[in-house]
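Okay, so here's the structure we're looking at.
The values are calculated or read from the model by the stated rules, or taken from the named source; none is laboratory data. Since the model is a prediction, treat every value here as computed from it, not as a measurement. Methodologically, a virtual Cβ is constructed for each residue, glycine included, from the backbone with ideal geometry; neighbour enumeration extends over all protein chains shown.
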């Protein structure tokens, strides 16, 4: 309905047919992309869900340990103990391409190699609970980083799926029907033109024949009259 | 793809973030959501790839989280703060499913 004001010419018809073909091919490709992305996305989301549940649970345990530790120490001593970290973490990020969506891949390197050497404080002035808490947090952190990676991937994929879905729908419900409508309109118009040309030619032929017939009759009548006089 | 070094930040109330300091992460203790908002915007401009944010703050910073959701960096990941999980992290996953599929299917 929308672009019914197209020129009903053969040239326009060819152009529209090409456009329809492209649109249909694009629609198929995008649909395939959407389906595959959706599959990947759902896998990722399931992973995110389980990992998030684990991380949240473990973090709550860690927070609990910290609460116990801070109950046993003054908050100043606690702050002092954690003030200057021994460990430092470097994060490197590369990207991975999943169905044309760039998702991050994180890798982290710690400065000190051994896991037992991460306490930034002396053991004299701090409680043992703090060691447990820091240790547990170190373990959770591995999972937290993994969570960050897949959760971000899921977010980016969700965006891409939404975009692709919109495109597929736009092609399927707007672009392709409109083009088909326009093609039908032009075809009908051209056929109509053809028919009207044919009828016009037939009419002209009729008229010419009638004229010729009358001429012939007049001539015949003249000859008959002359013959009668003689 | 060039591999660059990034920072990991933890934003939250002091009680919740202090532990991460021992691990060598960059911690940003904040007291209210306005301060957290500014911190996140600043960190996003710097080379910060992952920001862990406590759910207690995230509850008031929905707009900031949505703003960075579609960008490669930073990834804002919600973690439960000391007061416990509010379930925002879980419902965020739900929201991204709804966004992708158009319906809640899981």
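Residue-wise test of (1) in a helix (DSSP H, G or I); (2) touching a strand residue (DSSP E or B) at 6+ places or on another chain (Cβ under 9 Å).
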position: A:6; (1), (2): no, no
position: A:29; (1), (2): yes, no
position: A:39; (1), (2): yes, no
position: A:44; (1), (2): yes, yes
position: A:66; (1), (2): yes, no
Only one of these conditions is not met by residue A:187: (1) assigned to a helix (DSSP H, G or I); (2) in contact (Cβ under 8 Å) with a residue 40 or more places away in the chain; (3) under 30 Å from residue B:8 (Cα atoms). Which number is it? (3)
Of all helices (runs of 4 or more DSSP H) completely enclosed by segment B:1-102, which ones contain at least 1 residues that are within 11 Å of chain A (Cβ to nearest Cβ)? B:14-22, B:55-58, B:62-69, B:88-101
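Being without any contact (Cβ under 8 Å) to a residue 24 or more places away in the chain and under 17 Å from the mean Cα position of the chain (by Cα) is the filter; apply it to segment B:3-23 and report the residue that is nearest to residue A:104 (Cα to Cα). If you could, list the steps in order and put the result at the bottom.
Initial filter on segment B:3-23 (without any contact (Cβ under 8 Å) to a residue 24 or more places away in the chain): B:3, B:14, B:18-19, B:21-23.
This time we only want the ones that are under 17 Å from the mean Cα position of the chain (by Cα), so: B:14, B:18-19, B:21.
Values: B:14: 29, B:18: 27, B:19: 26, B:21: 24 Å.
Once the filter is applied, the top-ranked residue is B:21.
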Does residue A:78 satisfy being at the interface with another protein chain (Cβ under 8 Å from one of its Cβ atoms), surrounded by 14 or more Cβ atoms within 10 Å (Cβ to Cβ) and modelled with pLDDT under 80? yes
Taking the options A:178, A:193, A:169, name whichever one is farther than 30 Å from residue A:99 by Cα and assigned to a helix (DSSP H, G or I). A:193
Filter segment A:40-62 down to residues that are without any contact (Cβ under 8 Å) to a residue 40 or more places away in the chain and more than 17 Å from residue A:156 (Cα to Cα) and give me whichever is surrounded by the most Cβ atoms within 10 Å (Cβ to Cβ). A:56
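One line per residue, one yes/no per condition, for (1) modelled with pLDDT under 95; (2) surrounded by 10 or more Cβ atoms within 10 Å (Cβ to Cβ):
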residue: A:186; (1), (2): yes, yes
residue: A:196; (1), (2): no, yes
residue: A:201; (1), (2): no, yes
residue: A:205; (1), (2): no, yes
residue: A:209; (1), (2): no, yes
residue: A:219; (1), (2): yes, yes
residue: A:227; (1), (2): yes, no
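So that you can scan it fast, the table gives a plain yes or no per residue for (1) over 19 Å from the mean Cα position of the chain (by Cα); (2) within 9 Å of chain B (Cβ to nearest Cβ):
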residue: A:30; (1), (2): no, no
residue: A:45; (1), (2): no, yes
residue: A:56; (1), (2): yes, yes
residue: A:65; (1), (2): yes, yes
residue: A:73; (1), (2): yes, no
residue: A:90; (1), (2): yes, yes
residue: A:93; (1), (2): yes, yes
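Give the number of residues within segment B:94-106 that are buried (at least 19 other Cβ atoms within 10 Å of the Cβ) and either closer than 15 Å to residue B:55 by Cβ or at pLDDT below 80 (or both). Steps first, answer last, please.
We begin by selecting, within segment B:94-106, every residue buried (at least 19 other Cβ atoms within 10 Å of the Cβ); these are B:96-97, B:100.
With the extra rule that they be either closer than 15 Å to residue B:55 by Cβ or at pLDDT below 80 (or both), the set shrinks to none.
Residues in segment B:94-106 being buried (at least 19 other Cβ atoms within 10 Å of the Cβ) and either closer than 15 Å to residue B:55 by Cβ or at pLDDT below 80 (or both): 0 in total.
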It is to be established whether one or more residues within segment A:125-148 are surrounded by 18 or more Cβ atoms within 10 Å (Cβ to Cβ), part of a helix (DSSP H, G or I), modelled with pLDDT of 85 or more and more than 10 Å from chain B (Cβ to nearest Cβ). no
Exactly one of B:54, B:39 is more than 24 Å from residue A:150 (Cβ to Cβ) and surrounded by 17 or more Cβ atoms within 10 Å (Cβ to Cβ), and that residue is B:39
Residue check: is residue A:151 within 14 Å of chain B (Cβ to nearest Cβ), closer than 30 Å to residue A:104 by Cβ and assigned to a helix (DSSP H, G or I)? yes
Which condition from (1) within 12 Å of chain B (Cβ to nearest Cβ); (2) at pLDDT below 90; (3) in a helix (DSSP H, G or I) is the one that residue A:105 breaks? (3)
